[in-house]
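Everything on this sheet refers to the single structure shown next.
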Amino acid sequence: MAEKILMKGNEAIAISAIRNGVDGYFGYPITPQSEVMETLMKEKPWETTGMVVLQAESETSSINMVYGGACTGKKVMTSSSSPGISLMCEGISYLAGAELPCLIVNVMRGGPGLGTIQPSQSDYNQCVKGGGHGDYNAIVIAPASAQDMYDFVDWGFDLAFKYRTPVIMLADGIVGQMMEKVELHDPKPRRTREEVIKDAPWATTGKTADRPYNIITSLALESDVQERFNQKLKAKYETICRDEVKYTEYMTSDAEYLLVAFGCASRICEAVVDELRSQGIKAGMLRPVTLFPFPTERLAELSGQVKSMMSLELNMGQMVNDVKLAVNGACPVGFYGRQGGNIFTPDEVAGEFKKFNNLK
């Protein structure tokens, strides 16, 4: 029988990192994600798996340490919260420009500025649309439970190495702080140097019999060289958008109205769908699990079935723009959100939904 433990979502990330053979974690404490590093320090994986855990002097330092570790083909990661991710954005652009795999966890808090330590989803645009400079995207995955926080570490690294790209786990403070039962899988050993050389032939692992020394850089002094590289990235992102879209649906088969939500908001919206169904209103919900790539095609399909869609977010309205682009005018798209760390209730959402759709 699989081992099950009650833990916070942040703690689940740390335990998953250890059990999935992560080589290094470099981070800096900030609420509401500090338990990631605290749990790693408590568990002392350097004594068991050899995993490096280091508190850097700043978020800027930690993301550049991730860059260095990723260059060697190792499984490296960091975590932070909204203002800290802002400080990492230049480094994330460098990682994308050097095509380096890594996992970056953002447990969002309210902003802008220092804002509040309460939960939010207001970093959607920053993480999904790039955040740093230049033409790039990171794969963005959005957990909705402590179990997701645990499972998505392994999934995130799989995607990062498959496409040689940074992967951002975009969580919110509720998921990070919520305590839930988490089922643990069997531990995976850290890869040996020989396995790293085999899995990451591009890495700076020294000269081998098969190739000379590798050089990793994001610098191109000639415009034509840079343009070809940008086009290479574009082709990679198109493949990701074709092959890696993931979402879940709740009661959509006969839905006449659709709610769209990610993260903790999607869990609230399940209760909204149940309440509306009890009143004879055929509502359903789609939860994007990947925010980049976004489930554009599925939303376009559903736009021909439903009378309207409504995006529910803990921000001023960010994902709703991607919903509108997917629908392309085929049905009305509404929005309701709360900000500053406030969380909407099922009754509140149901009321706004009825108001938008002129239902009693």
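Summary of values
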read-out: Fraction of beta bridges assigned by DSSP in the chain that are antiparallel (%, nearest 5); value: 30 percent
read-out: Cα Rg, Dmax, the stretch 219-360, angstrom units; value: 17.7, 63
read-out: Cα-based helix-to-principal-axis angle, 9-19 vs the chain, degrees rounded to 10; value: 30 degrees
read-out: FRET efficiency estimate (nearest 0.05) - Cβ-Cβ, Thr204 to Leu325, R0 30 angstrom; value: 0.15
read-out: Accessible surface, the chain, averaged per residue in Å² (probe 1.4 Å); value: 43 Å²
read-out: The chain - charge dipole about Cα centre, Lys and Arg +1 at Cβ, Asp and Glu -1, debye rounded to 20; value: 220 debye
read-out: The stretch 1-144: mean projected area of Cα convex hull, nm²; value: 9.0 nm²
read-out: For Cys102, distant residues with modelled amide H under 5 Å away; value: Thr165, Val167
read-out: Solvent accessible area, Å² - Lys8, 1.4 Å probe, full protein context; value: 50 Å²
read-out: Carbon and sulfur %, accessible surface of the stretch 207-308 computed with the full protein complex present, 1.4 Å; value: 49 percent
read-out: Angle between the chain longest axis and helix 223-243 axis [Cα atoms, degrees, rounded to 10]; value: 50 degrees
read-out: In degrees, nearest ten, helix 146-163 long axis to first principal axis of the chain (Cα); value: 50 degrees
read-out: Alpha-carbon centroid distance for the pair the stretch 94-125 / the stretch 316-360, whole angstrom; value: 23 Å
read-out: For Asp274, solvent-accessible area (1.4 Å; no DNA, RNA or ligand), Å²; value: 70 Å²
read-out: For the stretch 158-251, alpha-carbon Rg over 2.2 N^0.38 Å; value: 1.54
read-out: Antiparallel content of DSSP bridges confined to the stretch 239-348, in %, to 5; value: 25 percent
read-out: Kirkwood hydrodynamic radius of the stretch 45-103, from inverse mean 1/r over distinct Cα pairs, in Å; value: 11.9 Å
read-out: Charge dipole of the chain about the Cα centre (unit charges at C-beta), most positive-ward option of Ile13, Leu170, Tyr237; value: Tyr237
read-out: Amide proton proximity set for Gly21, modelled H, under 5 Å, gap of 5+; value: Lys188
read-out: Difference of contour (0.36 nm per residue) and Cα-Cα distance, Arg193 to Ala220; value: 6.7 nm
read-out: Karplus 3J(HN,Hα) series, Hz, for the stretch 273-283 with 6.51 cos²θ - 1.76 cosθ + 1.60 (x for Gly, Pro); value: 4, 4, 5, 5, 4, 5, 9, x, 9, 7, 9
read-out: Within the stretch 315-348: backbone nitrogen closer than 12 Å to the Ala300 label point (7 Å, Cα to C-beta); value: 325-330
read-out: Convex hull volume of the chain per residue (C-alpha atoms, cubic angstrom); value: 147 Å³
read-out: Gain on full stretching of the segment that runs from Lys162 to Lys360 - 0.36 nm per residue minus C-alpha separation; value: 66.4 nm
read-out: By accessible area with a 1.4 Å probe, ligands and nucleic acids excluded, highest first: order of Tyr25, Tyr247; value: Tyr247, Tyr25
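The values are calculated or read from the model by the stated rules, or taken from the named source; none is laboratory data. Given the structure is predicted, the values throughout are model-derived calculations rather than measurements. Heads up, the Cβs are rebuilt from the backbone with ideal geometry, glycines too, and the neighbour counts pull from every protein chain shown. Accessible surface areas use protein heavy atoms only, side chains included; no ligands, DNA or RNA. Shrake-Rupley method; radii C 1.70, N 1.55, O 1.52, S 1.80 Å.
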